[in-house]
Every structure is written in structure tokens, then in C-alpha cells.
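Worksheet: one structure, shown below.
The values are calculated or read from the model by the stated rules, or taken from the named source; none is laboratory data. Nothing here was measured: the structure is a model prediction, and the numbers come from that model. Cβ placement follows ideal geometry from the backbone for every residue including glycine, while neighbour counts extend to all protein chains displayed.
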Amino acid sequence: MNRISHRELFCRHPNNPILSVKDWPYEVNSVFNAAAVEVNGGILLLVRVEDFRGMSHLTVARSDDGVSNWDIDPEPTLRPDPAGHPEELWGIEDPRITWLQELQKWAVTYTAYSKGGPLVSLVTTKDFKIFERLGPVMPPEDKDAALFPKKFADRWAMLHRPVARSPNISANIWLSFSPDLKHWGDHLEIIYAREGSWWDANKIGLSAPPIETSQGWLVLYHGVRSTAGGSIYRLGLAMLDLENPARIIHRTDEWIFGPKATYEREGDVDDVVFPCGWVVTDNIVKMYYGAADSCIALATAKLSDLVDCVLKYPASDPQYWWRGG
């Protein structure tokens, strides 16, 4: 069967990287893995910032066009609070932001790095200045979490990625439900890492929060392939049922974006593209991603092209193998 490759659906911005340590108002080691939302017609990034101890905090950067003239908070916006929240002892990382219309608040899920390992924590905010901590909502080890913007049967839903301590168990994406954003249950394993030589074998995780489309919930995820030269992080797509997000209805078998540019292939961690946020305006998706754990880059695609791409891959077809299909 002849197929057109979909690995170049996203187009890198010519100004990449759009943010790096040289842009920062205070000294840091690296800036990467930013959540992204549209606020007042501009783009707001909540950036993971790593200091020279190796610990991370979160800082807001704003831009009218989402590319240039960034207004960056002069000091950390959200710092770890190990005194009040010991699970944040070694920093906070990799935020994802979801607007909860019912609550009229932004919900920020992020990874808190505790002595017991990374876990999912959650804060809410109305202005990205004052934050209300709900604390940890998943035990370690767990990360790569984002909320859906609406309830299902009067419960909130969250995608996340637990990691078993056994090296023989794959890291897969799970779905959980909550009546109050604090207490979570009915955990379901819904998207499995593949096996063998696949690009997303053994370890996958959610990237940006899911986007609601007429065809289903569009999910962007990363897959990690271990090679003799190290790990390679690439991106793929899946589609979940609109009414039942536990049901995966499509999933690409090829990656749609991977490290190629120098700023993606060389850095603190080589060969990494890692989006934590994307914004949709007039069918254009702006994907903000950490490149090689060292800077922030931007790539764009048509939302309709992403949807058309994933719809070509029925999850139940054996030639597009996925465990449980």
C-alpha cells in the first residue's frame, strides 16, 4: 500500500529557537518544556527553568505574536515550596495548562520531584500571578499529565503516565477521573507503548493537552526509542472518542515530528523534541516544544492536516499495531 509520509506536518519557525537562556532576565542553566495558552489575544508560556543546582521552577513569558518581544517575569513565577509541599523538594517541572470553563480558572498540572520520585501535582489560577495549590494528585512515579477541559458524566478526566519501577514493564498512558480535581480513581490504561524496534517502543507519554475536534479528542504524545547512541524523543498522534475518552479510535504508526535541527539534536539532552503546550487559532496549531532540554522552539501545522493524518490509521487494524486493539 502506498502512503504519504506524515513526518513533516509541522513546519519549524525560521526564528527558532524562539527562547533561550540569553533572553532570560536572571541567570539560569536552561529554559525548555513550556506550557502554552492564548491570553488576551497573545501567547503566554509557562516555562520550565532549570537553575545551576539542576532544580527547576516555572516562569511566565508573554508575547503578542507568540514569536518575539517576549515579556518575561523578572523572577520565578511559581517556585517549589518544599516547606509546605515536601513533594517539591527537588523542583517542579513540565507544566500543562487547561482552561476549565466551569470553574473560570486555569488548571496547571506539573511534575513535582520528591524523594520518592516524580509525581503529578496541580494548581489553579485566574491570572498566573496567584496560584492555589491542590498538591499531589497522583503518587510517584507519575508524570506527563494534563486535564481535559470538560467533565465526563460529571467528573473531571486526566491523562497521565505512571512508570513502574520494574524495568520489564512499559510506561503507558493512563486515564483517571475525579469529582473534585483532588481525589482520582477509576484508573484505566488506554494507550500502550509498542514493543521491539518501533519508534515509540517501551516508553510513551502525553505531550500537550488534548484538543477537542469534531472527530474526537486529538492527543499528541511522545515516544522514546533507546539506541546505542542514546534515547530519541519523537511525536505521534492518537484520537480518543469524544464521549468516552477511554476508547482510542485512531493512532499513527509513524512519528510525525522528530529531532532534526541542530538545536534539537545537541543540548543538555540530545535528540529531544518535547512539547508541553499547543495553541489553535483559525485552524493553525502553534506547538511550543523544548529542544534538547536547552531552549524553546516553535512549529506550526494545520489542525485539519493533523486530524486527516490520524484518521488514516484505524487503531483496530493489525497493520497499525497497538496492544489492546
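On the given criteria, is Ser30 without any contact (Cβ under 8 Å) to a residue 60 or more places away in the chain, surrounded by 21 or more Cβ atoms within 10 Å (Cβ to Cβ) and either charged (D, E, K, R) or touching an Asp or Glu at 6+ places or on another chain (Cβ under 7 Å) (or both)?
Numbers: without any contact (Cβ under 8 Å) to a residue 60 or more places away in the chain: no; surrounded by 21 or more Cβ atoms within 10 Å (Cβ to Cβ): yes; either charged (D, E, K, R) or touching an Asp or Glu at 6+ places or on another chain (Cβ under 7 Å) (or both): yes.
When the stated conditions are applied, Ser30 does not pass them.
On the given criteria, is Ile169 out of contact with any Leu (no Cβ under 9 Å at 6 or more places or on another chain), loosely packed, with under 14 Cβ neighbours inside 10 Å, among the aliphatic types (A, V, I, L, M) and modelled with pLDDT under 95?
yes
Among His57, His85, which is at pLDDT 95 or above, on the phi < 0 side of the Ramachandran plot and more than 20 Å from the chain's Cα centre (by Cα)? Outline the logic, then answer.
Values: His57 fails: more than 20 Å from the chain's Cα centre (by Cα).
Of His57, His85, the one residue that is at pLDDT 95 or above, on the phi < 0 side of the Ramachandran plot and more than 20 Å from the chain's Cα centre (by Cα) is His85.
Does at least one position in region 143-153 carry a residue that is within 15 Å of Ser207 (Cβ to Cβ), at pLDDT below 95 and hydrophobic (A, V, I, L, M, F, W, C)?
no
Looking at region 243-259, I want the residues that are farther than 17 Å from Asp308 by Cβ and have a partner that is in a loop (DSSP other than H, G, I, E, B) with Cβ atoms under 7 Å, at least 6 apart or on another chain. Which pairs are those?
The qualifying pairs are Pro245/Phe148; Arg247/Asp241; Ile248/Ala315; Gly258/Arg7; Pro259/Asp271; Pro259/Val272.
In the set Ala164, Ala153, Ala201, which member is surrounded by fewer than 18 Cβ atoms within 10 Å (Cβ to Cβ), at positive phi and of a type in the set (A, V, I, L, M, F, W, C)?
Numbers: Ala164 fails: at positive phi; Ala201 fails: at positive phi.
It is Ala153.
Can you tell me which residue within region 227-254, out of those that are in a strand (DSSP E or B) and hydroxyl-bearing (Ser, Thr, Tyr), is nearest to Phe274 (Cα to Cα)? First the steps, then the outcome.
Keep residues of region 227-254 that are in a strand (DSSP E or B), which gives 227, 230-240, 248-251.
From what is left, the residues that are hydroxyl-bearing (Ser, Thr, Tyr) are 227, 231, 233.
Values: Thr227: 18, Ser231: 13, Tyr233: 7 Å.
The qualifying residue nearest to Phe274 (Cα to Cα) is Tyr233.
Go through (1) at pLDDT 95 or above; (2) farther than 30 Å from Tyr313 by Cα and name the single condition Cys11 misses.
(2)
Any residue at all in region 135-157 that is touching a Gly at 6+ places or on another chain (Cβ under 8 Å), closer than 21 Å to Phe32 by Cβ and in a loop (DSSP other than H, G, I, E, B)?
Yes, that holds for at least one residue.
Conditions tested, residue by residue: (1) at pLDDT 95 or above; (2) crowded, with 16+ Cβ neighbours inside 10 Å.
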{"residue": "Gly185", "(1), (2)": "yes, no"}
{"residue": "Arg194", "(1), (2)": "no, yes"}
{"residue": "Ser207", "(1), (2)": "yes, yes"}
{"residue": "Thr213", "(1), (2)": "yes, yes"}
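Out of the residues in region 97-117 meeting the condition of being within 12 Å of Leu181 (Cα to Cα) and not hydroxyl-bearing (Ser, Thr, Tyr), tell me which one is surrounded by the fewest Cβ atoms within 10 Å (Cβ to Cβ). Write out each step before concluding.
Our first condition is that a residue be within 12 Å of Leu181 (Cα to Cα); within region 97-117, this holds for 100, 103, 107-109.
Going one step further and asking which of them are not hydroxyl-bearing (Ser, Thr, Tyr), we end up with 100, 103, 107-108.
Working: Leu100: 17, Leu103: 12, Ala107: 22, Val108: 26.
The qualifying residue surrounded by the fewest Cβ atoms within 10 Å (Cβ to Cβ) is Leu103.
With the requirement that a residue be surrounded by 20 or more Cβ atoms within 10 Å (Cβ to Cβ) and assigned to a strand (DSSP E or B), what does region 61-81 give you?
Ala61, Ile72, Leu78
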